[in-house]
Amino acid sequence: MLHFNLKKNATGGLTILCLGAHCDDIEIGCGGTLLHLKEAFPRIRFHWVVFSASGHRGQEAAKAAELFTAGCEKEVFIKVYRDGFLPYSGGKAKDYFEEMKDQVNPDLIFTHWHGDAHQDHRLLSELTWNTFRNHLILEYEIPKYDGDIGRPNLFVPLEAPLYEDKVNYLFKAFDSQRGKRWFDRETFLGLMRIRGMESNSPSGFAEAFHARKIVVDDVI
C-alpha cells in the first residue's frame with residue numbers, strides 16, 4: 001500500500017484514479033472530497049472511469065466528470081458494460097483493469113465499498129484491490145433502497161460551499177435521475193450531515209470512506 005502522506009507527492013502533482021460502476025456513483029460517493037482535494041492540491045491529474053454508461057447516460061457521465069474535474073488534467077473513460085450484469089462480464093472487466101495497471105500509477109484510488117449490496121459495485125471493489133495491491137484505496141458509500149450503509153472509518157470534513165457544490169453539480173449533470181424518489185437534495189445532504197456529525201466536522205458536513213489498510217508516513 002502507499003503510505004498516507006499525500007503532501008509528499010504534491011509538488012509533482014497528485015494522480016487520482018476514480019472508479020464507478022454506473023453514472024453518478026463517483027460523484028455521489030466522493031464528489032465533495034474530490035472538490036476538496038482540488039482546493040488543497042494545485043496540481044491534480046484525474047483518471048476517471050465509468051463502467052456502465054451508454055447513450056444519454058454516457059453523455060451525463062461525461063458532463064459530470066467535467067464539472068468535478070474542471071481545471072485539472074484528466075482522462076475520462078466511459079464504458080458500456082450492461083447495467084446490473086457486470087459480474088457476468090467479469091473476465092472482460094478484469095482485462096480492462098489489467099490495462100489500467102499499465103496506464104496509470106495513482107497516488108490515491110476511489111472505488112466502491114466491498115460490502116455494497118449492488119453486485120456491480122462489489123465486483124469493482126474486488127477488482128480494484130486485486131489489481132492495485134500497493135496503492136492507497138478509499139472505498140466510498142452509495143445510499144440506496146437496500147439500506148446497506150455501513151460503518152466507515154475515514155472521514156473528510158467538507159467546508160461550505162463544497163457540499164452544496166457537490167449536490168448542485170449532481171443535479172446539473174444527471175437530468176435523467178431527477179424523477180427518481182431517492183435522487184433529491186435531502187438524501188445527499190442528509191448523509192453528509194450524518195457523517196459530519198460522526199466526525200465532528202466544523203461545518204457539520206463530511207464524506208466517509210472505508211479504509212481497509214493505511215500506513216501513516218511522517219506528518220500528513
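Any read-out appearing in this document is the output of simple, stated calculations on the displayed coordinates, not a laboratory observation. Since the model is a prediction, treat every value here as computed from it, not as a measurement.
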(request) Post the alpha-carbon centroid distance, the stretch 48-73 to the stretch 83-110, in whole angstrom. (result) 17 Å
(message) Nearest 5 percent is fine: what portion of the DSSP beta bridges confined to the chain is antiparallel?
(response) 25 percent
(message) Tell me the relative contact order for the stretch 175-220 as a rounded percent, counting alpha carbon contacts under 8 Å between residues six or more apart.
(response) 23 percent
(message) Nearest 500 deg cm²/dmol is fine: what mean residue ellipticity at 222 nm does the chain get from its DSSP H runs of n ≥ 4 alone, each adding -39,500 (n - 2.57), divided by its residue count?
(response) -12500 deg cm²/dmol
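Could you tell me the relative contact order of the chain? Use alpha-carbon pairs under 8 Å, at least six residues apart, and round to a whole percent. Mind showing how you got there, number by number?
Details: 397 pairs, mean separation 59.5, N = 220.
The normalised contact order for the chain reaches 27 percent.
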(request) Provide Rg over Rh for the chain; use the alpha carbon set for both Rg and the Kirkwood Rh (inverse mean inverse pair distance). (result) 0.93
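Using the structure shown, select from LYS144/LYS172; LYS74/LYS144; LYS144/LYS213; LYS92/LYS180 the pairs with a Cα to Cα distance greater than 22 angstrom. List each step's numbers first, then the result.
Details: LYS144/LYS172 20 Å; LYS74/LYS144 29 Å; LYS144/LYS213 26 Å; LYS92/LYS180 31 Å.
Over 22 Å Cα-Cα: LYS74/LYS144; LYS144/LYS213; LYS92/LYS180.
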